[in-house]
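**Q** I have a structure I would like to understand better, so I am pasting it below and will then ask my questions one at a time.
What follows draws every value from the coordinates through simple rules; no lab data is involved. Computed from a prediction, not measured in an experiment: that's the story for all the values here. Because the Cβ atoms are built from the backbone with ideal geometry, glycine has one as well, and the counts that use them run over all protein chains shown.
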Amino acid sequence: MRDELAGRLRQLRDLTGRSLRELARDSHLSSSSLSRYLSGQAVPPWPAVVALCRAAGRDPRPLRELWERARDNPRPAGAAVPAVRNDLPHDVTAFTGRRTELAALLGAARDGTLVTIDGMGGVGKSALAVHAAHLLTADFPDGQLYLDLHGFTPGRERVEPAEALRVLLAALGVPPGRIPDGIAERAALWRSELAPRRALVLLDNAADAEHVRELLPGAGASFVVITSRRRMVELNGVQPIALDVLPADEAAQLFAEAAGGTRPGDVSEVLRRCGNLPLAIRVAAARLRHRPAWTFDTLVERLREGDLAVTDVFAMSLRQLDPAQRRMFGLLGLVPGEDIDAYGAAAIAGIPLGNARSLLEDLVDVHLVQEPAPGRYRMHDLLRQAARADHGTAGQAPAIARLADYYLSGMLAVKPLVEILIPLPVIVTQPPPALPALDGLDAAVDWMDTEWLNLTATFALAVDLRIDAPAVGLGQLATISQARRGGTAHLRRWLEDSLAAAKRLGDRRLLASHRYLLGAVLMRAGLLTRATPELEAARALMAADGETLGEALTLMQLAEIRVYLDDAESAVALLRDAAGLRPLGDAIRVRVSAGLGQALVHLGRWQDATETIAEVIETARGLDRQTQRMCVDVLGWAALGRGDATTALDFAEQARQLNRATRNPIFEAASLTDVAVALRHLGRVEEATARHDEAVRILHRAGEPHRLVRILIPYARACLATGDPAAAEPHFRAALEIATAHGLDHVLPVARAGLSRPVPGHLRNSAAAP
């Protein structure tokens with residue numbers, strides 16, 4: 001009778017949806033008394049039964065007769081009281097953090113949901129599960145069962161399901177003679193025995209879903225928690241809780257508490273070397289705490305020497321991998337960037353894309369690889385060390401060459417979409433198995449931005465390993481991104497670092513394009529005396545090979561340098577030489593005309609500049625947007641020179657829209673300055689100031705001092721030309737300071753002149769091209 005009454009009371013408890021502690025509080029009972037009533041160890045007084053019925057919203061009167069029989073029929077003397085097992089390991093000392101995950105776990109216990117906790121070795125899965133189980137003890141009065149399945153325990157065979165069921169049944173008090181031999185029969189008995197109970201079952205360290213499938217309960221109110229290094233996606237109806245390494249603040253708190261309750265100083269290096277893994281942090285803290293002769297610096301020094309072999313934590317996980325998975329894991333350890341996509345992984349492994357995706361998902365499932373965003377994969381630093389140690393670095397150069405060829409192939413696909421016309425004879429030795437869909441400007445720019453840091457890291461490693469063709473190719477193709485994102489100084493270093501590789505390859509066309517790009521970048525950085533010999537050398541190489549497109553573009557760069565040096569007459573001569581080259585093609589021919597128009601503007605020949613563009617404008621409208629923008633720029637500058645600020649503003653706005661459409665903020669900043677200059681001449685000073693400030697912000701973010709000077713000076717001139725020398729002064733002064741700091745010698749006379757007196761009349765209305 002007592003057991004039947006306890007069963008009915010447990011049903012009432014389930015109806016309330018409350019934890020044992022909450023129900024005890026609301027019923028004005030102690031948790032321990034309520035636990036005895038629900039387990040059948042004691043018969044509650046009738047007021048307690050009434051309180052439970054009220055909490056569940058049920059009439060207590062139908063239970064009166066059952067309660068009286070249970071009260072009047074106590075268990076015979078000597079009758080065995082069912083043992084309530086608590087097999088939980090000791091709770092973790094100084095449990096820290098995991099507030100969100102702990103709340104999810106406790107909530108799932110209330111809902112009776114099966115929970116899996118997955119994560120890499122040492123991340124604290126068992127610690128979280130055991131800690132939560134101790135907090136839930138009172139909620140599960142029929143026992144707390146714990147079983148380590150040893151799915152990833154070094155040196156131990158895993159506990160097979162049949163043996164696990166025998167241990168669990170014995171823990172429920174089933175006599176050995178009643179436990180059948182067959183696994184299916186044991187699983188059925190386990191579900192039957194567990195169904196009427198409210199028990200907590202913690203299955204720790206499972207190898208995979210099949211390891212625990214037969215151990216799952218059927219009906220009833222018991223709660224099962226499973227921990228594993230592998231995601232259990234095959235189990236239906238489970239709530240997964242995935243653990244990552246601790247955040248920095250929680251990791252620091254854990255170290256302090258595990259080391260004795262005080263933080264010894266800056267623990268960032270200790271945490272970094274422990275990878276923010278709770279297990280490694282506890283080991284390191286324990287060493288400090290139990291070695292009185294050690295100082296904190298001693299611990300740091302030992303960690304630097306590799307004394308804490310946390311990679312051993314992953315040894316069993318690696319042994320679970322098949323050869324293909326293990327090879328992919330090892331190759332990912334060689335990846336120099338922060339993350340990689342499936343296309344890059346296929347390339348570095350030299351396998352089809354579908355195979356790479358399958359292997360990556362396998363590694364994600366066992367927490368050897370993370371997927372922070374769909375289709376992007378990364379490794380924890382400690383796992384990267386383990387991968388490199390497992391794979392070795394003997395095959396590093398071929399793997400990095402394959403990865404570099406993936407980035408090269410992607411950038412070559414991007415090149416025509418972002419309207420870069422210079423021919424680049426880049427060498428792709430091993431085309432990748434597949435490339436992402438780069439079929440439009442937005443997709444191309446997004447891919448380029450996403451992969452930029454990875455491409456940067458791959459380039460640096462290719463240079464270090466003397467993988468010459470990828471090093472040169474990435475150095476050259478980086479101009480595609482840097483031309484629009486800024487960072488000219490960074491790009492200059494790339495080209496300088498890979499120049500020796502370009503010479504070693506012995507390809508004259510490749511060397512010519514490299515020297516052209518280096519000269520162009522030096523010019524964009526304002527280092528004109530260094531840029532000129534590089535461009536002249538590139539022109540000579542291109543002329544010798546009959547590379548007319550490249551030679552014309554090189555002459556345009558040399559002409560632009562002459563404009564910067566206030567020698568526009570020489571610029572006109574260089575551009576006329578470029579126009580005489582054959583064949584050129586429409587795009588290059590129109591750009592040469594645009595360059596000629598710019599030089600004529602600087603000479604104050606407004607009508608000649610306008611007529612030069614008029615001859616090619618119809619052709620330009622059928623070409624790429626950057627070519628169109630160059631023509632529109634000249635028309636705007638010429639209009640302003642003639643005193644037609646309204647027309648100049650219209651052209652400047654058109655140029656800005658073209659730059660925005662091509663997602664080129666560097667050029668957009670130049671167009672914003674032209675807009676600001678025109679607005680100044682129209683007397684719309686507040687609007688002009690806002691546009692100019694926006695342009696300055698863009699170039700400050702991009703880290704482009706020379707381009708910044710090139711927009712400060714024309715705006716300052718516009719201030720002077722419209723009778724506002726007080727507004728011009730801070731812009732000239734800023735240009736002087738920047739030019740002095742960065743060695744932009746050609747700008748210094750202009751800035752100084754602006755501070756001392758108005759500029760010459762023929763420059764007064766022009767916005768210098770950036």
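**Q** For the pair Glu301/Arg69, report the inter-label distance in nm, with labels modelled 7 Å from Cα in the Cβ direction.
**A** Once both label points are built, they end up 7.8 nm from each other.
**Q** What GluC sites (Glu not before Pro) does region 122-188 have in DSSP loop regions with at most 16 other beta carbons within 10 Å?
**A** Glu157
**Q** Moving on. Would you mind counting up the charge near Pro372? Only other residues with Cβ under 10 Å from its Cβ, with Lys and Arg at +1 and Asp and Glu at -1.
**A** With Lys, Arg at +1 and Asp, Glu at -1, the net is -2.
**Q** Further question on the same structure: Just subtract the alpha-carbon distance of Lys503 and Ile179 from 0.36 nm times their residue separation and send over the number in nm, one decimal. Don't jump to the answer; show the numbers that get you there.
**A** Working: separation 324, 0.36 × 324 = 116.64 nm, distance 7.86 nm.
Full extension from Lys503 to Ile179 adds 108.8 nm.
**Q** Going by alpha carbons, how many degrees (0 to 90, nearest 10) lie between the helix axis of 568-579 and the longest principal axis of the chain?
**A** Around 80 degrees separate the two axes.
**Q** Could you order peptides 133-139, 331-337 by the average number of other Cβ atoms within 10 Å of their residues, highest first?
**A** Packing order, densest peptide first, comes out as 331-337, 133-139.
**Q** Per-residue counts of other Cβ atoms within 10 Å, averaged by peptide: what ranking do you get for 550-558, 252-260, highest first?
**A** 550-558, 252-260
**Q** About its Cα centre, how strong a charge dipole does the chain have in debye, to the nearest 20, once Lys and Arg get +1 and Asp and Glu get -1 at the Cβ?
**A** 1500
**Q** Nearest 500 deg cm²/dmol is fine: what mean residue ellipticity at 222 nm does the chain get from its DSSP H runs of n ≥ 4 alone, each adding -39,500 (n - 2.57), divided by its residue count? Please report the intermediate quantities before stating the final value.
**A** Numbers: 37 runs with 475 residues, N = 770.
Per the formula, -19500 deg cm²/dmol.
**Q** Where Lys and Arg each count +1 and Asp and Glu each count -1, what net charge lies around Ala469 among other residues with Cβ under 14 Å from its Cβ? List each step's numbers first, then the result.
**A** Values: positive: Arg402, Arg466, Lys503, Arg504, Arg509; negative: Asp405, Asp468, Asp507.
Local net charge: +2.
**Q** Here is a follow-up. Which trypsin sites (Lys or Arg not before Pro) from region 141-238 combine a DSSP loop assignment with at most 16 other Cβ atoms within 10 Å?
**A** The qualifying sites are Arg156.
**Q** Answer rounded, prolate or oblate for region 321-391, using the Cα gyration tensor with square roots of eigenvalues a ≥ b ≥ c: rounded when a/c is under 1.5, else prolate when a/b is larger than b/c, else oblate.
**A** Since a/c stays below 1.5, the shape of region 321-391 is classed as rounded.
**Q** How compact is region 138-281 by the rule of thumb for globular proteins, expressed as Cα Rg over 2.2 N^0.38 Å?
**A** Working: Rg = 19.1 Å, N = 144, 2.2 N^0.38 = 14.5 Å.
Compactness ratio reported: 1.32.
**Q** Then there is this: State, as an integer percentage, the relative contact order of region 3-134 based on alpha-carbon contacts under 8 Å between residues 6 or more apart.
**A** It comes to 23 percent, rounded to a whole number.
**Q** [x] 311; [y] 231; [z] 169: which one is volume of the Cα convex hull per residue in Å³ as calculated from this entry?
**A** This structure yields the entry labelled [y].
**Q** Fully extended, how many nm does the chain gain between Asp266 and Ala188 (0.36 nm per residue separation, minus their Cα-Cα distance)?
**A** 22.5 nm
**Q** So what is the relative contact order for region 2-72, in percent, with contacts set as C-alpha pairs under 8 Å and at least six apart?
**A** Reported as a whole number, the value is 40 percent.
**Q** What FRET efficiency comes out for the pair Ala170/Ala242, r = Cβ-Cβ distance, R0 = 41 Å, nearest 0.05? Kindly include the intermediate steps, with their values, before the conclusion.
**A** Working: r = 33 Å, r/R0 = 0.79.
Efficiency at R0 = 41 Å is approximately 0.80.
**Q** Then there's this: Measure out, as a whole number of angstrom, how far apart the alpha-carbon centroids of region 604-682 and region 126-194 sit.
**A** 77
**Q** Something else now. Among 101-113, 588-600, how do they line up from the highest to the lowest mean number of other beta-carbon atoms within 10 Å? Could you put the intermediate results ahead of the total?
**A** On the way: 101-113: 15.8, 588-600: 25.7.
Result, highest mean Cβ count within 10 Å first: 588-600, 101-113.
**Q** OK, next. Please label the shape of region 626-770 as rounded, prolate or oblate, based on the square roots a ≥ b ≥ c of the eigenvalues of the alpha-carbon gyration tensor (a/c under 1.5 means rounded; beyond that, a/b larger than b/c means prolate, else oblate).
**A** It comes out oblate by the Cα gyration axes.
**Q** For a test of the definition: using alpha carbon positions, the gyration tensor, and the 1.5 limit on a/c, classify region 96-169 as rounded, prolate or oblate.
**A** oblate
**Q** Around Leu147, with a cut-off of 9 angstrom between Cβ atoms, what is the net charge of the other residues, counting Lys and Arg +1 and Asp and Glu -1?
**A** -3
**Q** Quick check: Cα centre of region 408-434 to Cα centre of region 16-31, how many Å?
**A** Using only Cα atoms, the two centres lie 68 Å from each other.
**Q** In nm, what is the difference between 0.36 nm times the number of residues separating Asp111 and Ser570 and their Cα-Cα distance?
**A** Gain in length upon complete extension: 157.0 nm.
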